[in-house]
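Everything on this sheet refers to the single structure shown next.
No value in this document is a laboratory result; all are computed from the given coordinates. Treat the numbers as computed from the prediction; the structure is a model and nothing was measured. Backbone-built Cβ (ideal geometry, glycine too); neighbour counts: all protein chains shown.
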Amino acid sequence: MSSQLTAKDFASSQEIRWCPGCGDYAILKSMTKALADVGARPDNTAFVSGIGCAARFPYYVNTYGFHTIHGRAPAIATGLKLANPELDVWVVTGDGDALSIGGNHLIHTLRRNVGLKILLFNNEVYGLTKGQYSPTSRLGTRTPSSPDGSFDVPISAGQLALGCGGRFFARAIDTDKTGLAHVLEQAHAFDGSALTEIYQNCIVYNKDVYASFTDRKTAHDTQLHLRHGEPMLFGKDSERGIAFDNERYVLKIVDASTASDPILIHDETNEVIARLLIALDKPVALGVIYRNPAVAYETAFHAHHPSNMQRRRSVADVIAGPNSWQVE
Amino acid sequence: MTKNPQLKSIVVRLAGDSGDGIQLMGSQFAVSTALSGSDFATFPDYPAEIRAPAGTTFGVSAYQINLGDDPITTPGDSPDVLVAFNPAALKVSLPMLHPGTLIIVNNDGFSARNLTKAGYDANPLDDDSLSEYTVVAADIGRLNLESVAEFGLSKSDGGQCKNFWALGLLFWMFDRSLDSAIGWLDRRLKNAPAMRDANVAALRAGHAYGETSELSAVEKVRVGEAQLEPGRYRSITGSEAMALGIAAAGELADRQVLFCSYPITPSSPLLHRLAKLGEHGVGTFQAEDEIAAVGAAIGASYGGMIGATSSSGPGIALKTEALGLAVSAELPLLVVNWQRGGPSTGLPTKTEQSDLYQAIYGRNGDTPIPVLAAASAGDCFDTAIEATRIALRHMTPVILLADGYLSNAAEPWRIPDLSDYAPIESHPVEASDSSDPQRLAFARDASSLGRAWVTPGMPDLVHRIGGLEKDLSSGHISYDPDNHQAMTDLRRKKLESVANFIPDQAMEFGDDKGDIVLVGWGSTRGPLYQAARRTGTSFIHIRYLNPLPKNLGELLSGFRSVVVAEMNDGQLSTVLRDKLGIQPTPLTKVTGQPFLISELVKAIEQERSKL
């Protein structure tokens, strides 16, 4: 295969069965384009998913695919990556799949830094089971299982990722082609676990839950697009910026032209600032928020293995053990 | 103990606190027994707590070994020699003894405090409560400390050598060379020379004590050499044999093995063994939980390695959903269950065979999985190879049932020649007119119904698999009603097809027709064989539990009564009723202890009297 593959080459022939208008379509489109743009090869790429709307993703991508069971995709993908570290392995998951039933696997995948590109489609609701509140639903979310509003405190994917030692955390919006393409390419290039949270609009059960910051008309005021080494500016004319409040140890919004505190320069490796950026709700931080490479698990696994998983000796050489005797 | 210059067999039981080093002492005695040429079987019996409160009856750790020149297949019903390190060890062992048993006690261990802890009002060494036994009381604790005094160890470190002191005494009794134990100490305590020297000194002191003391009650024991089939032998435990078998299966299949596991008793020894077999193309992954362990193993199989996992009943329960995925996606997988007492946490360190229903029936949906059971420690090697062979041939998960007894028990094992085993084969992608890789990936071998093992990275074979129902011929997702019926039929037929590849059920002992046949499976083979032999009863031991061998029904129909002996509440009896429509008589035991030959003999005689 040569490098002139296009997005179309990565689209499968399967009929897509998401609801019309679902944010998943936009993500799929950006994904197939990103695969073409990074020069991926279908033969050498695998998508592994769990259960949920997002988990149907592997059927719609023309690569190897494994639609597994609820929450377990990171575990299964870990085995696949250990068996064949040369593969590009993507995990597609949702907020219920990754953060509720599969939370343990996500935690341990991230702390081990297994070379999986994990796409977390967060729509703050259980879609496939018809609209119950999810672990990321905001307090007070009314659903069939929380008719008077949910009172579970929601979990933050980003705080979880950093809390368990994750080395890469990025965010994007489903319909933001530029922003999503950027983080997908960065995730692809990262040698280790790359968790990308994608704000995904469930038009049936949680429509417009992200409208406050995804509306294109007001996006320049509600979105902070981060680039490593560049100042954290937003607003129509980049007239505002993010600075560090030295008294309260929080981030604050300042006027870029008159601010006495310096505008922060985005440093992807700064875990403390990354946590503050994840918590920022207006504007919402997007792009690669934290990236701090470390040895990928599969690399360490093979490096610590006495023979790089090769068969160097026959069982016949050791089967007798230290003590054996002959019976005539 | 009979004062017989040469015994056919002798049962020795070592018992003490869980911190006394009883298991180590027992395994060293087993090694020396093996090297002396006797046949033997061992039974390590220890509490669930790592260091249970000292001196208590529930904290007693024991190791029983039966050795002799007769074929030895069980650790023995009743000890002829008991070494008891404290009152609690004596108390829990007494019910097993018979008149004349030689009891060697550590006199120092019988303090007022320890007697109270064991629930003794008076010291049994001082009254006549042990009069039907031969009791030798030696100050093992004091004599041991004297023997290691010159090495400058703390009292606690020095005291730890007393198991080797007692081992030395046993070696004297059995006329054994000290070399194997000293060799082990040299290797194990290479970096702790003082401890090494102290243990060797204790061993020699115990030996010399036997030589020089006037132990009129103790005679040197001579046990004949076993009449074993010629060949090279070693001592092996079930977990060692299983690890070697899994590595050998990888070699025979020319595939790497990824063994993924989460720590659980009594399964963990297999993980530890395999972690040392890296150079044989084996990798081990300690997962975050049981589900991740089976998940990673499935992922490894999807990636072209032999995925394997192991656990005990509670862990297998957690893996169950993933086993269904492997059935649906048609991926090979080896699942070892080291059964233990249940339900729930149950008796973690005690043995049981109560996960047979779980293995055969315990999944959502119609989800057939082949099930095999290992019959002895050494048999774990062959069964692991056989289970892997089925997994790759039929592209299915396979459950291999072992148990806590097999994991730790040791026996002499004739070392097999790996070149005697046929290679393990999987199905390659067949050349076909179809250009749809999905169809190619689900093209099946006609006899085994196993599909091609297509793995990511293979050129031009991009396809998708999963847990959703798929079309019988194209392999694409299908919700078609008739197709689900056809796929359910296919999965059943695939399981049934396994029976075409396995050997016919053979008689383990006796005629193939008669009044009574004793039927067993798994680790109970040893006591069942002896009971069958002593009572002249026909005996069948089943390795392939799902599907059953094709001739089994006919074979069993040659008997008026089918007695199924198992360490559960009658599970194989149910399975035989279900699959063969027969009415077996259950002979069950769920005490966490292996069958005694005597209780089996009694039960068989009772059954015979009813006919």
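Across peptide B:92-105, the average count of Cβ atoms from other chains found within 10 Å of a residue's Cβ is 0. Mean residue ellipticity, 222 nm, helices only, the protein assembly as shown: the sum of -39500 (n - 2.57) across DSSP H runs of n ≥ 4, divided by residue count and rounded to 500, is -9500 deg cm²/dmol. Seen against the Cα atoms of chain B and their longest principal axis, helix B:481-498 is set at about 40 degrees.
Near the amide H of B:VAL336, within less than 5 Å, lie the amide hydrogens of B:THR309, B:SER310, B:SER311, B:LEU400, all on another chain or at least 5 residues away, with H placed in the peptide plane.
Based on the alpha-carbon gyration tensor of region B:9-212 and its eigenvalue square roots a ≥ b ≥ c, which shape applies: rounded if a/c is under 1.5, prolate if not and a/b is larger than b/c, or oblate? Note, shape of region B:9-212 comes out oblate.
Distances between placed amide hydrogens fall under 5 Å for A:VAL92 paired with A:VAL48, A:SER49, A:GLY50, A:LEU119, all partners being 5 or more residues away or on another chain. Angle between the Cα long axis of helix B:162-173 and the longest principal axis of chain B, 0 to 90 degrees, nearest 10? Relative to chain B, helix B:162-173 is tipped by roughly 80 degrees.
Defining a contact as two alpha carbons under 8 Å apart and six or more residues distant in sequence, what relative contact order in percent does chain B show? This gives 11 percent for chain B.
Per-residue mean of foreign Cβ neighbours for A:38-48 is 3 (Cβ atoms of other chains, 10 Å radius). Summarising the amide proton neighbourhood of B:ARG363: residues at separation of 5 or more, or on other chains, whose placed amide H is nearer than 5 Å comprise an empty set. Each Cα pair under 8 Å and six or more residues apart adds its sequence gap; the mean of these over the residue count of region A:227-288 is a relative contact order of 33 percent. Across the options B:GLN606, B:THR574, B:SER557, the greatest Cα extent toward the positive end of the charge dipole of region B:514-610 (unit charges at beta carbon of Lys, Arg, Asp, Glu) belongs to B:SER557.
Helix B:313-329 against the longest principal axis of chain B: what's the angle in degrees, Cα atoms only, rounded to the nearest 10? Once rounded, one gets 20 degrees. Taking the charge dipole of the protein assembly as shown about its Cα centre, with +1 at Lys and Arg Cβ atoms and -1 at Asp and Glu Cβ atoms, the residue from B:VAL257, B:MET458, A:THR141 reaching farthest to the positive side is A:THR141. Using only Cα atoms, locate the centre of region B:257-329 and the centre of region A:170-236, then give the distance between them in Å, rounded to an integer. With region B:257-329 and region A:170-236 each reduced to a Cα centre, they are spaced 38 Å.
Does anything in region B:327-357 have its amide N under 11 Å from the 7 Å Cα→Cβ label point of B:ASP578, and if so which residues? Within reach of a label on B:ASP578, which here means backbone N under 11 Å from a point 7 Å along Cα→Cβ, region B:327-357 contributes B:356-357. Note on B:50-57: average number of Cβ atoms from other chains within 10 Å of each residue's Cβ is 0. Loop-resident trypsin sites (Lys or Arg not before Pro) (DSSP state other than H, G, I, E or B) in region A:153-246 with no more than 15 further Cβ atoms inside 10 Å of their Cβ: A:LYS207, A:ARG227, A:LYS236.
Tell me the GluC sites (Glu not before Pro) within region B:186-221 that lie in a loop according to DSSP and have at most 13 other beta-carbon atoms within 10 Å. Hits after loop and neighbour filter: B:GLU214. The protection proxy used here, the mean number of other Cβ atoms lying within 10 Å of each residue, ranks peptides A:257-265, B:296-304 as follows, highest first: B:296-304, A:257-265. Loop-located trypsin sites (Lys or Arg not before Pro) in region B:37-125 (DSSP state other than H, G, I, E, B) with a sparse environment of at most 15 neighbouring Cβ atoms within 10 Å: B:ARG51.
In order along region B:295-312, phi translates into HN-Hα couplings of x, 5, 5, 5, x, 5, 5, 4, x, x, 8, 7, x, 9, 9, 8, 6, 10 Hz, rounded to whole numbers, per the Karplus curve 6.51 cos²θ - 1.76 cosθ + 1.60 with θ = phi - 60° and x for Gly and Pro. For the protein assembly as shown, the ratio of Cα radius of gyration to the globular rule of thumb 2.2 N^0.38 Å stands at 1.10. Taking each residue as 0.36 nm, the span from A:ARG216 to A:SER145 lengthens on full extension beyond its C-alpha to C-alpha distance by 22.3 nm.
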